[in-house]
Amino acid sequence: MDSSRETTPRVVVGVDGSVPSQQALRWAADHAQLTGAVVEAVCAWDTPSEIGWAGPATEAGFDLERARLRFAEGIRAVFGDVQPAEVHEMLVQGDPSEVLVKASEGAELLVVGNRGRGGFARAMLGSVSQRCAQHARCPVVVVRAEAAQAH
């Protein structure tokens, strides 16, 4: 394992291409710049058939390619064509909350965006940000859209 990676603080951020995740990435990059940390931008993806959705079979690799494109667009929306060297991309197959909780091991912070669903939907579905806040192995920052826009 790279020894510099062990000593440099890590800020893990969930990126799914949505506006809230872009705001979380921006917040994480700003925080990392202030603290000398590196950012691990993590995008989790799943094949619908693997998580129990019924639907037509898709071409092998279609979901991965779609996730890769969505991830790249989310990164580009925040940084343009010049991505900071301290931002590392990780595209991982799996449930987003499980992937982010695992990535939080040894991190200084886990940063996620909040899509702002109502309380009933959150209670029924369980949001990624809520599950991360409950199970992460480090402190969690949930970036709310209103707070991100205030900067």
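Key figures for this structure:
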| item | result |
| --- | --- |
| Candidates Ala67, Ala60, Ala37, filtered to the one that is of a type in the set (A, V, I, L, M, F, W, C) and at pLDDT 95 or above | Ala37 |
| Tally, over the range 87-112, of residues that are over 16 Å from Arg70 (Cα atoms), touching a Ser or Thr at 6+ places or on another chain (Cβ under 9 Å) and surrounded by fewer than 16 Cβ atoms within 10 Å (Cβ to Cβ) | 0 |
| Close pairs (7 angstrom Cβ cut-off, 6 or more residues apart or separate chains): on the phi > 0 side of the Ramachandran plot and part of a loop (DSSP other than H, G, I, E, B) in the range 28-43, open to solvent by 10 Å² or more (accessible area, probe 1.4 Å) and at pLDDT 95 or above anywhere | Gly36/Pro9 |
| Filtered residues of the range 98-151 (kept if modelled with pLDDT under 90 and part of a loop (DSSP other than H, G, I, E, B)) | Arg115, Gly116, Arg117, Gly118, Gly126, Ser127, His151 |
| Arg76 vs. criteria over 18 Å from His31 (Cα atoms), modelled with pLDDT of 90 or more and buried (at least 17 other Cβ atoms within 10 Å of the Cβ) | no |
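The values are calculated or read from the model by the stated rules, or taken from the named source; none is laboratory data. Fair warning: this is a prediction, and the values are worked out from it, not measured in the lab. All Cβ positions, even for glycine, are placed from backbone atoms using ideal geometry, and neighbour counts span all protein chains on display. Just the protein is used for accessible areas: all its heavy atoms, side chains included, with ligands, DNA and RNA removed. Shrake-Rupley method; radii C 1.70, N 1.55, O 1.52, S 1.80 Å.
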